Amino acid sequence: MEKNYFSAKVNCNIRIRNAKFYLAAMLMIFISFKAFSQKNMYRYFPENTFENHSIYERYSNILDKLDPESIKNLSAGENAVRFIKINEPYYYVIKIMWTEKDLSMEFTEENEFKNLCESGKLDITRESLNEILRLIEKGKFYEMKSDVDNSDLTEGYMQLIETNINGKYKAVERWQPESGTFYSIGENIFALYKGEDITAKKDSWNYKIKKTGTSSKKEPSKEKNEKTKNRGL
């Protein structure tokens, strides 16, 4: 009887010890995963850019797929403006890069429903770039704040504008903007993506595209050059 009791006690201690090892291992995995996740989030955006980690994750996941490059730390003389628009199942990333001598504009568009992705380069003039910079300055972009917390929103579209101009970085995120300075900057960048001449508008500051309330697939413009199509993303 004593032998059976001793054996049961030993088995119980072994199970407790194994359970402790298991819990410790799971805790280490969780801590490592959390650290990796945060490191990935801060790969694109500096700490304290957003108030909610879900916003970091949302845009980091998109950039991982569509434009896995950070613009928060650029070399001297390099500048960038990046615009991200989420209107599920459509995702857009539009980036303007420039130096004193060079100027380029790239885009990536994903249709998640059809599992299609399209990317390429767009023509952009210094006049168009100057118009975007004028809007950024006039709108006091570097004084703007992101929405406080939209992590629980599941409908509507979301936009993010990132800038790194003359070594000064800023990122602002909004849910379904329909007017105001942030909206105007984003829609003018999106107009360039669609091939429109924003410098021809008498007042691009108030530029506003007509909204239908639904998403629609935009046919690729023939004006886009060096375009590539990647299926199965």
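List of remarks:
- Sparse-neighbour loop sites [chymotrypsin sites (Phe, Trp or Tyr not before Pro); segment 89-119; at most 11 other C-beta within 10 Å; DSSP]: Phe113
- Coupling constants for segment 101-116 follow from the phi torsions by the Karplus curve (6.51 cos²θ - 1.76 cosθ + 1.60, θ = phi - 60°), and in residue order they are 9, 10, 8, 8, 9, 10, 9, 9, 10, 10, 10, 5, 5, 8, 6, 10 Hz; glycine and proline get x.
- Compared with the direct C-alpha span, the chain from Leu103 to Arg126 gains 7.5 nm at full extension, assuming 0.36 nm per residue.
Every read-out reported here was derived from the displayed coordinates using simple, explicitly stated rules and does not represent laboratory data. Small disclaimer: the values here were computed from a predicted structure and weren't measured. Neighbour counts are summed over all protein chains in view; Cβ atoms, including those assigned to glycine, are modelled from backbone coordinates with ideal geometry.
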